[in-house]
Amino acid sequence: MDVAPILGLDQFRLHLEELQQNQEVVPDATLIDDISIQLTDYNTPPLLPWMLPALANVLRSTQHDAGALFQITVKLTKSLDFTTCLGLADEETMLTMLDSPVDGANLLALHIIHKAANDPNDASILAERPVVFERLVRRWLQAPSTRVASHAEQVLGDLLEVDCSIPIVNGSSLPRQHQVVTPPMRRRHGEVGHDELWNIFFSNQVLSLIKTTCGQSENDARNLSDITIAQGRVLRLLPRLASFNLHAVSDTSHAQVFPLPDAVAEAVGCGLLQWATLGMIDQTDELMERTLVDFFEQLVLNMRDHTRRAGDQTILKKLVRTTTQTDPRIMSALKSLPQNVEEEDEERTRVFIEQLLD
């Protein structure tokens, strides 16, 4: 098939060279959009070897609005698999983009990493680069941009889903008033992963990063809002991870990272889930208390809707009972939850919650 020439391509190549040589040059959004519009499945393959590395170099270094550069890069890589993208943007480039203060660079790195969530074997390839995965977790927790953080949350959830070794069954409806919707399952029923990314996520190094970022100390000089934002991000992701592998999320072998008062530790154990719900937030903070209530509603519904391993309901029951004993607002929210789901799910939601509170 004859391929029509891309008008302005030489000018665009020169512009990319200029952007790489001088960070003060502002990307020409009009020129970039003109080229992007002309890109097709037929004319992009010959461009990839020189255009994609150049775009990655610009995105990781520019201090200007990189929205147009990000969009054309996404279009270029749309049909590429994870390993092909890694050949064009190596590990060092990925780390630099994740650390960049420019949203476009962060988003490109996340776009490429997200491709590893398409297949358990690709997730295993990512696991061979643990520093990249650890940096992804850091970006998720600490990104100033809500757009970057939200994308990072979805990428983390999708990666850990496809890497999970426990077969899962998709659930049904969520409460009508909830705006945070669990993404559709990426794995086919019965398909399992290798738990390699789970092992990295639940390593002492990553868990300590979560604890340090989300925990508060007496002489902490950080902005309180930065801490509570990170706490909210953890509480939004955990219900989804719990539906994949509640045992891992509540693993009690991390007491040295997540210490809790003796009475609480004896009742529920010391793990990420227990600390996030019983030790992480300041419950006098009304916004964080509301976030915690939303978290418990989402957690209960996720565990209601997914196939569970033996012992999952016991873990959840201990956590719910311990929390509701000291937080009447969570008790009230759970008791009223059946009224806020679809009518066909109301009875089974009520029965499930009664079992947890019994």
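Mind ranking VAL192, VAL268 by accessible surface for me, highest first, 1.4 Å probe? Mind dumping the intermediate values first?
Details: VAL192 60, VAL268 20 Å².
Largest accessible area first, the list is VAL192, VAL268.
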Correct response: the longest run of the chain lacking exposed trypsin sites (Lys or Arg not before Pro), defined by DSSP loop and at most 10 other Cβ within 10 Å, is 1-175
Using alpha-carbon positions, the gyration tensor of segment 7-72 gives root eigenvalues a ≥ b ≥ c; with a/c under 1.5 called rounded, otherwise prolate if a/b exceeds b/c, else oblate, the class is prolate
Mind grabbing the base-10 log of I(q)/I(0) for segment 292-334 at q = 0.34 Å⁻¹? Debye formula, identical points on the C-alpha positions, no solvent, two decimal places.
-> -1.23
Mean-position separation - Cα centroids, segment 292-358 and segment 211-272, in angstrom = 19 Å
Please build a GNM for the chain, connecting alpha carbons under 10 Å apart, and tell me which residue among SER225, SER100, SER36 fluctuates the most.
-> SER225
For the chain, built as a Gaussian network whose Cα springs stay under 10 Å, the top-fluctuating residue of THR30, THR322, THR228 | THR30
Which of the following values of Cα extents along the principal axes in Å was calculated from the structure shown: (1) 75, 51, 37; (2) 61, 54, 44; (3) 71, 50, 35?
-> (3)
Under the Karplus relation with 6.51, -1.76 and 1.60 and θ = phi - 60°, whole-Hz ³J(HN,Hα) for segment 255-268, x at Gly and Pro, equal 4, 5, 8, 10, x, 10, x, 3, 5, 5, 4, 5, 7, 10
Read phi for every residue in segment 99-106 and hand back ³J(HN,Hα) as whole Hz from Karplus 6.51 cos²θ - 1.76 cosθ + 1.60, θ = phi - 60°, with x for Gly and Pro.
-> 8, 5, x, 8, 4, x, 5, 4
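Quick check: from the Cα gyration tensor, does segment 241-341 come out rounded (a/c under 1.5), prolate or oblate?
Details: a/c = 1.79, a/b = 1.10, b/c = 1.62.
Oblate is the answer for segment 241-341, as a/c is 1.5 or above yet b/c matches or exceeds a/b.
Find the accessible area per residue for segment 285-358; the probe is 1.4 Å, ligands and nucleic acids are left out, and the unit is Å². Each step should come with its number before you reach the end.
On the way: 3640 Å² over 74 residues.
With all protein chains present, segment 285-358 gives 49 Å² per residue.
Around ASP41, what is the net charge, scoring Lys/Arg as +1 and Asp/Glu as -1 over all other residues with Cβ under 13 Å from its Cβ? Mind showing how you got there, number by number?
Values: positive: LYS75, LYS78; negative: none.
Cβ neighbours under 13 Å give a net charge of +2.
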By the C-alpha gyration tensor axes a ≥ b ≥ c (rounded if a/c is under 1.5, else prolate when a/b exceeds b/c, else oblate), the shape of segment 36-169 is oblate
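Between exposed GluC sites (Glu not before Pro) in the chain, where DSSP calls loop and at most 14 other Cβ atoms lie within 10 Å, what's the longest gap? Intermediate values should be presented prior to the final figure.
Details: sites that count: GLU24, GLU128, GLU191, GLU218, GLU342.
Counting only loop sites that pass the neighbour cut-off, the longest clear stretch is 219-341.
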Karplus 3J(HN,Hα) series, Hz, for segment 7-14 with 6.51 cos²θ - 1.76 cosθ + 1.60 (x for Gly, Pro) = 5, x, 5, 4, 4, 5, 4, 5
Counting other Cβ atoms within 10 Å, which chymotrypsin sites (Phe, Trp or Tyr not before Pro) in segment 26-100 have at most 11 and lie in a DSSP loop?
-> TYR42
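The values are calculated or read from the model by the stated rules, or taken from the named source; none is laboratory data. These numbers come from a predicted model, not from an experiment. Positions of Cβ are backbone-derived with ideal geometry, glycine not excepted, and every protein chain shown enters the neighbour counts. Quick note on the areas: whole protein, heavy atoms, side chains included, nothing else; ligands and nucleic acids left out. Shrake-Rupley method; radii C 1.70, N 1.55, O 1.52, S 1.80 Å.
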